[in-house]
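The values are calculated or read from the model by the stated rules, or taken from the named source; none is laboratory data. All figures in this text were calculated on a predicted structure; none of them were measured in a lab. Cβ: placed from backbone, ideal geometry, glycine included. Neighbour counts: every protein chain shown. Only protein heavy atoms, including side chains, enter the accessible area calculation; ligands, DNA and RNA are left aside. Shrake-Rupley method; radii C 1.70, N 1.55, O 1.52, S 1.80 Å.
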Amino acid sequence: MESGHYIEESKMFIDPEVTIQKVADEVGITLHELSFIINKKSGQNFQSLINELRIKEAIRLLSDKQYSHLSLLGIGFEAGFNAKSTFYSAFKKVTG
């Protein structure tokens, strides 16, 4: 499975402590190989990809009635962010 798809399918991005090294180890390639694949396929670095996937997850959670009791920030935490400012700036960057 392609590394970017693996990150998305496995939902590793929800882990606030996820690192490129953890993903590379999980996929069984080197950090440099993973970085190259992410840059080549997505045109962005690892952290930007992770933030984009987290924002997509936050948007999905916002439309899920099971999470309607959570604030926007609570949704951000559920999606893997661990800081309000990071979540808000990533949300604005991805959604405009």
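Summary of computed values
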| read-out | value |
| --- | --- |
| Per-region count, the range 6-37, residues under 16 Å from LEU53 (Cα atoms) and assigned to a loop (DSSP other than H, G, I, E, B) | 6 |
| Members of the range 20-53 that are under 13 Å from GLU8 (Cα atoms) and either aromatic (Phe, Trp, Tyr) or touching a Pro at 6+ places or on another chain (Cβ under 8 Å) (or both) | PHE46 |
| Subset of the range 54-86 that is of a type in the set (A, V, I, L, M) and open to solvent by 20 Å² or more (accessible area, probe 1.4 Å) - its residue that is nearest to LYS11 (Cα to Cα) | ILE59 |
| Residues within the range 38-48 that are part of a helix (DSSP H, G or I) and either open to solvent by 40 Å² or more (accessible area, probe 1.4 Å) or farther than 17 Å from SER85 by Cα (or both), tallied | 7 |
| Conditions (1) in contact with a Leu (Cβ under 7 Å, 6 or more places away or on another chain); (2) buried (at least 17 other Cβ atoms within 10 Å of the Cβ); (3) not aliphatic (A, V, I, L, M): number failed by ASN51 | (1) |
| Any hit, the range 14-22, residues being open to solvent by less than 50 Å² (accessible area, probe 1.4 Å), on the phi < 0 side of the Ramachandran plot, in contact (Cβ under 8 Å) with a residue 24 or more places away in the chain and acidic (Asp, Glu) | no |
| Top-ranked residue of the range 1-33 - restricted to ones that are acidic (Asp, Glu) and either at pLDDT below 90 or in contact with an Asp or Glu (Cβ under 6 Å, 6 or more places away or on another chain) (or both), ranked as farthest from ALA79 (Cα to Cα) | GLU2 |
